[in-house]
């Protein structure tokens, strides 16, 4: 169990740990590059000491590991009643340096809390997706929110994307394994800001999903442009991300150039209550762990259409 602290002790401990964040992240990368075992939880790394909100948790599926060979299969299920569950394949424990190069690959290593919360938020608002076309951007190795939508809603179609080929190949395995009923779900590589990539989307989408993808300075504008390019005129973008210093603020400044933006701290009672419970936990840092919900809608000028 995590140790608890409060007041000045909590502040002091958080401040001292921040200085080691970068070094521990590099240790994680070094372990991966050296092809050592990489537990998906990675509890010894500063930013991963807090692994998830406990709303959707994984349970190992060793029988599927045996069936599919070298892979890591988990049943991701909601804790409250176990009503929602999908089988998710993590990438192999052994990752080459080449796999980690190129477009953002952080989603290849683990499932981040924002992705868990986005999936839980979607499951709490199933009617929102009825008859809608949905695209997830930067879904990483699981596209957990999009996969849950594909299985448990009556969405018209679901398109799962990431800029990393390894992630997309893994998502394809997940699609092939799970039973999505009548939902139409596909996946493909889509790089933000590369106009030719938008052709994979074919048409505009009613709902755009994105979790914890705002902290890369060099692609922030590309992400805004991509959301604009794939979103229907009357659609909504649902971006789930923590503040992470000023990265959320910087993204919001860029997004306001094209979208009406609504930023919510309180968007789900269960998520909020869990957040309050965790605030006294030394392993929990609200700045990097608690995701805010940003809703984006295209700006209309004089009632005649969205701004370009």
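The values are calculated or read from the model by the stated rules, or taken from the named source; none is laboratory data. Here the structure is a predicted model, which means the values were calculated and not measured. Methodologically, a virtual Cβ is constructed for each residue, glycine included, from the backbone with ideal geometry; neighbour enumeration extends over all protein chains shown.
Quick check on my filter: what residues within the stretch 151-183 are under 19 Å from residue 141 (Cα atoms) and assigned to a loop (DSSP other than H, G, I, E, B)? Those that are under 19 Å from residue 141 (Cα atoms) and assigned to a loop (DSSP other than H, G, I, E, B): 163, 164, 178, 179, 180.
All of (1) assigned to a loop (DSSP other than H, G, I, E, B); (2) within 17 Å of the chain's Cα centre (by Cα); (3) surrounded by fewer than 21 Cβ atoms within 10 Å (Cβ to Cβ) hold for residue 219 with one exception: (1). I'd like the residue in the stretch 133-182 that is under 15 Å from residue 235 (Cβ atoms) and surrounded by fewer than 20 Cβ atoms within 10 Å (Cβ to Cβ) and, out of all such residues, is farthest from the chain's Cα centre (by Cα). Across the stretch 133-182, the extreme among qualifying residues is 156. Among the residues examined, residue 176 does not qualify as more than 22 Å from residue 122 (Cα to Cα) and out of contact with any helix residue (DSSP H, G or I) (no Cβ under 9 Å at 6 or more places or on another chain). Here residue 276 does not fit the description of being part of a helix (DSSP H, G or I) and surrounded by 18 or more Cβ atoms within 10 Å (Cβ to Cβ). What do you reckon, is residue 299 over 17 Å from residue 137 (Cα atoms), modelled with pLDDT under 95 and crowded, with 20+ Cβ neighbours inside 10 Å? Answer is no for this residue.
Taken over the stretch 127-138, the criterion of being touching a helix residue (DSSP H, G or I) at 6+ places or on another chain (Cβ under 6 Å) and either under 14 Å from residue 213 (Cβ atoms) or in a loop (DSSP other than H, G, I, E, B) (or both) is satisfied by 135, 136.
Which one of 214, 248 is in contact with a strand residue (DSSP E or B) (Cβ under 8 Å, 6 or more places away or on another chain), part of a helix (DSSP H, G or I), in contact (Cβ under 8 Å) with a residue 12 or more places away in the chain and on the phi < 0 side of the Ramachandran plot? When all the criteria are applied, what remains is 248. Of the residues making up the stretch 258-271, those that are surrounded by 13 or more Cβ atoms within 10 Å (Cβ to Cβ) and either without any contact (Cβ under 8 Å) to a residue 12 or more places away in the chain or in a loop (DSSP other than H, G, I, E, B) (or both) are 258, 267, 268.
Condition check: surrounded by fewer than 19 Cβ atoms within 10 Å (Cβ to Cβ) and touching a strand residue (DSSP E or B) at 6+ places or on another chain (Cβ under 9 Å). Does residue 128 satisfy that? Against the criterion (surrounded by fewer than 19 Cβ atoms within 10 Å (Cβ to Cβ) and touching a strand residue (DSSP E or B) at 6+ places or on another chain (Cβ under 9 Å)), residue 128 qualifies. Looking at (1) at pLDDT below 90; (2) touching a strand residue (DSSP E or B) at 6+ places or on another chain (Cβ under 9 Å); (3) within 23 Å of residue 284 (Cβ to Cβ), which is the only condition residue 121 fails? Condition (1) is where residue 121 drops out.
Taking the stretch 192-218 as the range and being modelled with pLDDT of 90 or more and more than 19 Å from residue 129 (Cα to Cα) as the test, the residues that pass are 192, 212, 213, 214.
Number of residues in the stretch 231-253 that are surrounded by 18 or more Cβ atoms within 10 Å (Cβ to Cβ) and over 18 Å from the mean Cα position of the chain (by Cα) equals 2.
Could you tell me whether any residue of the stretch 91-102 is modelled with pLDDT of 90 or more and either surrounded by fewer than 14 Cβ atoms within 10 Å (Cβ to Cβ) or part of a strand (DSSP E or B) (or both)? Within the stretch 91-102, none of the residues are modelled with pLDDT of 90 or more and either surrounded by fewer than 14 Cβ atoms within 10 Å (Cβ to Cβ) or part of a strand (DSSP E or B) (or both).
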